[in-house]
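Presented below is the structure to which this report refers.
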Amino acid sequence: MALFSSLSERLNHIFSKLTKRGKLTELEIRTAMREVRIALLEADVNIKVAKQFIADVSEKAVGQQVLESLNPAQQVIKIVNDELIALMGSGNAKLEVSPKPPTVVLMCGLQGAGKTTLCGKLAILLKKQGKRPLLVACDVYRPAAIEQLKVVGGKADVEVFEKGVQAPPKTAKQAVDYAKKMGYDTVVIDTAGRLHIDDALMKELEEIKKEVEVTEVLLTVDAMTGQDAVNVAETFNERVGVTGVILTKLDGDTRGGACLSIKAVTGKPIKFIGVGEKLTDLEPFYPDRMASRILGMGDVLSLIEKAQEAVTEQQAKEMERKMRDASFTLDDYLTQFEALKKMGGAGALMSMLPGAGKLKLKEGDLDERKIERTKAIILSMTRKERENPQIINASRKRRIAAGSGTSVQEINQLLKQFDQTKQLMKQMKGGKGKMRLPF
Amino acid sequence: MGLIGKIKDALKKTKEGVSTKMRLLFAKNKLGDEFYDELEEILISSDVSVRTAEEVVEQVREEAIGNKVKDERFVTDLLKDILEDTLNEAPVPAFRYPCVIMFVGVNGVGKTTTIGKVAHYFVSQNKSVTVAAADTFRAAASDQLSVWAERAKVRIVKHEEGSDPSAVIFDAVSSAKARGTDVVLVDTAGRLHVKENLMNELKKMDRVVGREFPEAQFLKFLVLDATTGQNAVSQARVFDEAVDLDGIVLTKLDGTAKGGFVFSLCGELGIPVVFAGVGEKTEDLEPFDAEQFVEGFF
């Protein structure tokens, strides 16, 4: 579940061996780097990229720096981490906006990379940023691809421009004209998946670029791609001038080493990552965070950011006040659960916490259904019961159980959990009083 | 730039095929450690899993030492033989009719397209075919399958989007039984193997066929994208645990990716490759040929 969890486990293992050995010798670094190499290759990092990476990191690690350092293992981690960041690029890249609207985004990639779904995700993201996006169906080859985009557009509540199986460059041109007329500020063009070696279809992309002024050419790449990722990325970049990369299906257990390779070969930023099948499952790509994820350092920053989005500032303040005077009710408890859901469920949350990679959290352990059940129970209570759970006696429990389709045991369990949470809050309040809720 | 610049230079040299790399390798190396290390890298760069690459190379080394050979051709043939043997370790199942084949896999590997081609394959063998649109999740998936069914001129059973996939299978299997259809091909929604609830849904679909049509041969094929890297093994392992796979369909072999991970699937998991997809047309599907695949590999 956690991105790169296997790679981070692997590196953790290697470095825990290093820690035990105290000061490092050249030989020991070489031994460690052999392991790093295997870890990278098993993560699908291109073999040339991996070799160069190893060479560079070794050069830095086997020097005096490490030998003179007080904590050599830490220093090696830092160097590996720095190099990973350097490879993946630095800073978070946003979508370019054309000074002359509309901004035109051209999606491209191999078959099955996830372009059509991604169009819907981008549309949602653009709407969130206050933009007016228009989706354009230019996949005229795959059966029902236009239909799929229309359904996706419907779900995202965004208009889909289509001209049937008319030549894509012409459709693109008409779509941009239409966008200008209708006041759409961003045009996202979905194209057919194509092999990078399919000359005719690659020409078609070039023609679209000639026909309309494209602001962004986004290459969509399946995170599970193997060694071939470099060839694909390089060819697309040469033919149509890729401006950014989106990595999809990162919610699997792939280690996603392809992103290191793609960055290395194109030099173009990875702008977003797809992390689920819902249209909201799109996240910005942070190389530094991804690197610390690789190293198993957790991703606290990303966690905080997600939390901020899920809970408004005001809600957070209110929650803090309630914590202080311990007037935390079951209603507040429900709000917390909903925030948790917005953050992609407990699983997604756990995977971002340091050390959680080691917990081997299974999806079933804290799944969304449990959250749904909790919600059902609380919603089956009266206002009075929610504010004052002590009054929930046996007969009330039976009523709540019947109302929520759960059992009395489950209600007991929930009340116990709630009590424990409240207890925890009292302790926090007893402390510095400055502690903030994690969400 | 630094590191990235250096890598770009290095990558310029990777355009050659495996055989060119082999020739270069033989030209500059004696059969020493370095030779075998590079041999291993050649395999890994075609997405052979790191473990399998190590094992295969070790085997080649032992045989070469045992036979005291230093000959380029001998080592190449040896390597080909070992790889081919690995692929043949898992025998391809023979079809018995009536037959139900369920196609499973992660998102975007080409399940629906594969079913269109497999339907065409069975029709060309004079079999009657029904396809079941049990991908009720992805937008317009059943529309896509309808087009393929039309192309292959076969019957399709479909329900509304969002309906229970097991119900689609139930209907397809019942009607196939009543009509005496030879082959039922079941399309399923793409699912990442780490999603437990989706894998459970698949198990349920698996049970429906077993329960409703016990007299039919029931096969489960995993569809794998040849561009996939080391993750393919993980996919195969988890899908195999869930529904007990009988075969693999390797798609998108018309690209530049080699699909080297199949050696691990056949060798470690004992799952045979049944079909290979080589294009977007109905007839772009071939029964898998180990010898040809290995040849194509070099």
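The values are calculated or read from the model by the stated rules, or taken from the named source; none is laboratory data. Remember, it's a predicted structure, so these values are computed and weren't measured experimentally. Reconstructed Cβ throughout: ideal geometry from the backbone, glycine too, with neighbour counts over all protein chains shown. In case anyone asks, the SASA skips ligands and DNA or RNA and just uses the protein heavy atoms, side chains included. Shrake-Rupley method; radii C 1.70, N 1.55, O 1.52, S 1.80 Å.
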Checklist entry - Mean residue ellipticity at 222 nm from the helices of chain B, using -39,500 (n - 2.57) per DSSP H segment of n ≥ 4 over the full residue count, to the nearest 500 deg cm²/dmol? => result -15500 deg cm²/dmol
Checklist entry - Which entries in A:115/A:249; A:100/A:210; B:111/B:281; A:155/A:181; A:128/A:155 show an alpha-carbon gap greater than 19 Å? => result A:155/A:181
Checklist entry - Which length gain, in nm to one decimal place, applies between residue A:165 and residue A:141 when the Cα-Cα distance is subtracted from 0.36 nm times their residue separation? => result 7.9 nm
Item to check | Residue-normalised accessible area of the range A:105-243, given per residue in Å² at a 1.4 Å probe | outcome: 34 Å²
Checklist outcome for this item: The correct ranking of A:263, A:150, B:127 by accessible area at 1.4 Å, largest first, is A:150, B:127, A:263
Checklist entry - For the Cα atoms of chain B, what angle does the longest principal axis make with the long axis of helix B:231-243, in degrees from 0 to 90, nearest 10? => result 40 degrees
Checklist entry - Can you tell which of B:245, B:192, B:43 shows the greatest fluctuation in a Gaussian network model of chain B with Cα springs below 10 Å? => result B:192
Item to check | Built amide H within the under 5 Å cut-off of residue B:156, gap 5+ | outcome: B:131
Item to check | Those GluC sites (Glu not before Pro) in the range A:115-221 that DSSP places in a loop and that have at most 14 other beta carbons within 10 Å | outcome: A:213
Item to check | Per residue accessible area of the range B:161-201, 1.4 Å probe, in Å² | outcome: 36 Å²
Checklist entry - Got a number for carbon plus sulfur as a percent of the range B:156-298's accessible area, 1.4 Å probe? => result 45 percent
Checklist outcome for this item: Here, residue B:96 and residue A:370, labelled 7 Å along Cα→Cβ, have an inter-label distance in nm of 4.4 nm
Item to check | Estimated inter-spin distance, residue B:174 and residue B:73, nm [label 7 Å along Cα→Cβ] | outcome: 6.5 nm
Checklist outcome for this item: Counting only residues 5 or more apart in sequence or on a different chain, those whose built amide H sits under 5 Å from that of residue B:248 are B:222, B:273, B:274, B:275
Item to check | In sequence order, calculated HN-Hα J values of the range B:84-92 (Karplus, 6.51, -1.76, 1.60; Hz; x Gly/Pro) | outcome: 5, 4, 4, 5, 7, 4, 9, x, 6
Checklist entry - With labels modelled as points extended 7 Å from the Cα through the Cβ direction, what inter-label distance (nm, one decimal) is found for residue A:206 paired with residue A:180? => result 2.6 nm
Checklist outcome for this item: Among residues of the range A:134-163, a drop of 50 Å² or more in 1.4 Å probe accessible area, assembly relative to the chain on its own, occurs for A:143, A:148
Next on the checklist: Can you give me the C-alpha center-to-center distance between the range B:40-92 and the range B:253-279, rounded to a whole angstrom?
Outcome noted: 16 Å
Item to check | Residue-averaged beta-carbon neighbours from other chains (10 angstrom radius) around A:112-125 | outcome: 2
Checklist outcome for this item: Computed ³J(HN,Hα) along the range B:265-275: with the Karplus parameters 6.51/-1.76/1.60, θ = phi - 60°, integer Hz and x for glycine or proline, the list is 5, 6, x, 7, 9, x, 9, x, 8, 9, 10
Item to check | Net lengthening on full extension, residue A:127/residue A:331 (0.36 nm per residue, minus Cα-Cα) | outcome: 70.4 nm
Checklist entry - Going from most exposed to least, what order do A:83, B:160 have by accessible area with a 1.4 Å probe? => result B:160, A:83
Checklist entry - At a Förster distance of 35 Å, what's the computed FRET efficiency of residue A:157 paired with residue A:379, Cβ-Cβ distance as r, to 0.05? => result 0.85
Checklist entry - Counting only residues 5 or more places away or on other chains, whose amide H sits under 5 Å from the amide H of residue B:217 once H atoms are built in the peptide plane? => result B:99, B:100
Checklist entry - Using alpha-carbon positions, what is the distance between the centroids of the range B:94-143 and the range A:259-276, in Å? => result 33 Å
Checklist outcome for this item: Buried by partner chains in the range A:220-264 (accessible area down by at least 30 Å² vs chain alone, 1.4 Å probe, heavy atoms, protein only) are A:224, A:227, A:228, A:231, A:234, A:249, A:251, A:253, A:264
Checklist outcome for this item: FRET efficiency (residue A:402, residue A:338; Cβ distance; R0 22 Å; to 0.05) is 0.40
Checklist outcome for this item: In degrees, nearest 10, the alpha-carbon axis of helix B:141-152 is tilted away from the dominant principal axis of the alpha carbons of chain B by 90 degrees
Item to check | Protection-proxy order for peptides A:120-132, B:112-124, each taking the mean of Cβ atoms within 10 Å per residue, highest first | outcome: B:112-124, A:120-132
Checklist entry - What is the interface area between chains B and A, defined as buried accessible area summed over both chains with a 1.4 Å probe, reported in Å² to the nearest 100? => result 4500 Å²
Checklist outcome for this item: Each residue of B:191-198 has, on average, a number of other protein chain C-beta atoms within 10 Å of its C-beta equal to 5
Item to check | Relative frequency of Cα-Cα separations exceeding 38 Å in chain B, percent | outcome: 22 percent
Checklist entry - Leaving out ligands, DNA and RNA, what percent of the accessible area of the range A:103-292 is carbon and sulfur, probe 1.4 Å? => result 51 percent
Next on the checklist: Considering the Cα positions of the range A:103-292, please state its Rg to one decimal place and its Dmax as a whole number of Å.
Outcome noted: 15.4, 47
Next on the checklist: Could you give each residue of the range A:35-41 its phi-based ³J(HN,Hα) in whole Hz, using Karplus coefficients 6.51, -1.76, 1.60 with θ = phi - 60°, and x for Gly or Pro?
Outcome noted: 5, 4, 4, 4, 4, 5, 5
Checklist outcome for this item: For chain B, percent of DSSP beta bridges that are antiparallel (nearest 5) comes out at 10 percent
